[in-house]
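The values are calculated or read from the model by the stated rules, or taken from the named source; none is laboratory data. Note that this is a predicted model, so its numbers are computed, not measured. We place every Cβ from the backbone using ideal geometry, glycine too, and count neighbours over all the protein chains shown. Please note that ligands, DNA and RNA were not included when accessible areas were found on the heavy atoms of the full protein model with its side chains. Shrake-Rupley method; radii C 1.70, N 1.55, O 1.52, S 1.80 Å.
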Amino acid sequence: MSRALTLPRLRDATVPWLLPAALIVGWQAAVSTGLVSNRFMPAPLDVLRAGYDAARTGELWTNLGVSTLRALAGFAVGGGIGFALGLANGLSRLSETLTDTSVQMVRNVPHLSLIPLVILWFGIGEEAKLFLVALGVFFPIYANTLHGIRSVDPALVEMGRVYGMSRAELFRRVVLPGALPSIFVGLRYALGIMWLTLIVAETISASSGLGYMAMQAREFMLVDVVVLAILIYAALGKLADTLTRALERSCLSWNPAYRSA
Amino acid sequence: MLLDAVSRDALPASAPTAFRTAAPPRPAGRGLSVTVNGLHKSFDGNPVIAGLDLFLPAGSFTAIVGRSGCGKSTLLRTILGLERPSAGRVTVEAPSAASPRAVPPKRIMFQEPRLLPWASVLDNVAVGLTGLGTRAERRDRARAALAEVGLADKAGQWPATLSGGQRQRVALARALVSGPGLLALDEPLGALDALTRIGMQDLIERIWRTQGFTALLVTHDVSEAVALADRILVMEDGGVALDLRVDVPRPRRRGEPDLARLEGRILDHLLGAPQAA
């Protein structure tokens with residue numbers, strides 16, 4: 001009985017990793033046999049060694065810390081403003097009339113196209129990265145918060161009013177929980193944009209951070225470090241996504257669509 | 001009007017007194033009376049209610065039936081204060097309340113349960129006590145109200161896990177938990193299957209008889225109106241076309257000849273009305 005239960009579970013846990021594992025083994029074999037020159041593509045073991053060296057000297061941790069701090073600061077600023085404006089425009093017709101047209105116009109400018117301007121304004125300092133990340137995460141958070149509040153069931157709002165909820169209570173108990181699924185969509189989308197923006201910004205103009213580490217390595221033809229930086233970005237993106245999923249599952253457990261099977 | 005006489009004749013002479021004692025045991029305690037004077041309501045210039053006068057005594061059970069678009073839901077929403085009258089007055093008052101603070105609340109049960117999907121069943125019932133007492137008191141009273149509708153064991157569940165009938169019972173518990181003086185029911189059983197609906201009707205009648213609030217039921221189901229109400233208003237063209245007393249003692253058995261005759265008369269009136277297709 002327990003055997004019948006564990007075997008499929010074990011299979012479910014291992015099957016998704018078969019393909020990546022096979023790729024890594026094939027990759028290692030291709031480089032080791034000289035099929036692929038290690039000047040273009042380092043072997044997985046070389047990447048591991050590069051990671052170990054960078055970790056030992058502390059260079060990896062410094063750069064990782066710098067990048068993470070930038071990402072979180074930019075996210076907090078841009079996400080905070082986007083969330084606040086989304087709430088304001090969702091709740092107040094006046095606020096929406098005043099600001100929404102402007103926001104929609106700015107939204108259509110790709111924020112990465114501002115990089116030359118941002119370098120002129122801020123140089124390659126921290127402000128430049130913070131500004132770009134904040135601008136990037138602002139729009140998905142703003143648009144999804146606004147949409148979430150707009151799509152709250154008016155029948156539930158009427159129910160809350162009939163039962164004598166104050167405006168604050170109505171917001172806390174009906175409007176915000178109702179908007180939450182949509183806000184989470186914005187959050188996950190914004191996290192993706194956050195890493196993307198940071199990578200581009202750090203690759204183009206920086207004197208520290210993971211992107212800088214990768215660009216430095218390119219100067220010295222250290223392909224293994226370049227690949228290491230790329231893999232770390234992938235891991236960070238996956239980590240952010242996993243954390244958001246866990247948060248979603250705990251906040252939205254009332255919703256059958258988010259309940260874990 | 002003719003019907004009124006018929007159903008009175010069908011009862012023994014002592015029936016009216018027997019009925020009065022059998023129905024709400026504390027009629028003067030909680031119920032609110034409703035007075036409607038010269039009510040007009042129009043939406044974008046289209047009159048929905050045109051010059052309606054009505055008095056509902058405290059503790060009574062009145063049903064309003066009529067074709068869709070006759071203004072019955074609008075009348076109910078106006079009495080509850082969800083719509084503003086275009087002209088005329090609606091007064092809801094407690095005949096025996098000494099201070100305005102002691103006036104029991106008005107509650108409405110909608111056609112849909114309108115439960116908060118992100119709150120537990122118990123917290124949904126506690127919404128009915130918004131602004132009253134401490135959180136612990138609210139939860140205790142909510143638990144008691146849930147037990148009254150037979151769902152004590154579902155307190156910790158999400159509304160999404162309940163059946164349609166169970167959700168509507170939670171909505172009933174939420175409406176009743178504050179001890180309302182007026183309960184308006186806006187086609188609350190329309191979406192339920194026939195058997196569940198009969199169970200709910202019995203539940204509503206039982207709770208009404210023990211609690212003594214004034215009940216106002218809007219429904220398109222004439223048999224439901226006949227089974228529950230002691231007075232039936234048939235609405236037509238924004239006014240009351242028929243005002244019938246149902247002097248059949250409770251508990252009423254479904255399919256009783258008096259009820260069937262009454263139902264037949266109302267249906268004849270509704271189907272034979274001039275605007276019938």
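Could you say which residue among A:Val47, A:Val103, A:Val36, A:Val66 is over 25 Å from A:Leu239 (Cα atoms), open to solvent by less than 60 Å² (accessible area, probe 1.4 Å), aliphatic (A, V, I, L, M) and in a helix (DSSP H, G or I)?
Selected residue: A:Val103, the only one of A:Val47, A:Val103, A:Val36, A:Val66 that is over 25 Å from A:Leu239 (Cα atoms), open to solvent by less than 60 Å² (accessible area, probe 1.4 Å), aliphatic (A, V, I, L, M) and in a helix (DSSP H, G or I).
Looking at the stretch A:214-261 only, could you name the residues that are in contact with a Ser or Thr (Cβ under 7 Å, 6 or more places away or on another chain) and within 14 Å of chain B (Cβ to nearest Cβ)?
A:Arg249, A:Arg259
Quick one: which strands (runs of 3 or more DSSP E) lie wholly within the stretch B:2-109 and hold at least 2 residues that are at pLDDT 90 or above and within 14 Å of the chain's Cα centre (by Cα)?
Passing ranges, in order: B:33-43, B:61-65, B:106-109.
Identify, please: which residue in the stretch B:131-156 is outside any helix (DSSP H, G or I) and either at pLDDT below 90 or open to solvent by 20 Å² or more (accessible area, probe 1.4 Å) (or both) and is, among those, nearest to the other protein chains (Cβ to nearest Cβ)?
Among them, the one singled out is B:Gly131.
Under the condition of being without any contact (Cβ under 8 Å) to a residue 24 or more places away in the chain and among the charged types (D, E, K, R), which residue from the stretch B:141-181 is farthest from B:Thr196 (Cα to Cα)?
Checking each candidate, the answer is B:Arg143.
Hey, A:Ala190 hits all of (1) farther than 25 Å from A:Ala84 by Cα; (2) more than 14 Å from chain B (Cβ to nearest Cβ) but one; which does it fall short on?
Of (1) farther than 25 Å from A:Ala84 by Cα; (2) more than 14 Å from chain B (Cβ to nearest Cβ), only one is false for A:Ala190: (1).
For A:Val162, work out the one condition from (1) within 14 Å of chain B (Cβ to nearest Cβ); (2) buried (at least 16 other Cβ atoms within 10 Å of the Cβ); (3) in contact with a Ser or Thr (Cβ under 9 Å, 6 or more places away or on another chain) it doesn't fulfil.
With (1) within 14 Å of chain B (Cβ to nearest Cβ); (2) buried (at least 16 other Cβ atoms within 10 Å of the Cβ); (3) in contact with a Ser or Thr (Cβ under 9 Å, 6 or more places away or on another chain) applied to A:Val162, the lone miss is (3).
Tell me which residues, restricted to the stretch B:111-129, are among the aliphatic types (A, V, I, L, M), within 7 Å of another protein chain (Cβ to nearest Cβ) and not in a helix (DSSP H, G or I).
B:Leu116
Counting only residues that are among the polar types (S, T, N, Q), give me the helices (runs of 4 or more DSSP H) lying completely in the stretch A:149-259 with at least 2 of them.
Here the list reads A:176-204, A:223-251.
Looking at B:Thr196, is it hydroxyl-bearing (Ser, Thr, Tyr) and within 13 Å of chain A (Cβ to nearest Cβ)?
Against the criterion (hydroxyl-bearing (Ser, Thr, Tyr) and within 13 Å of chain A (Cβ to nearest Cβ)), B:Thr196 does not qualify.
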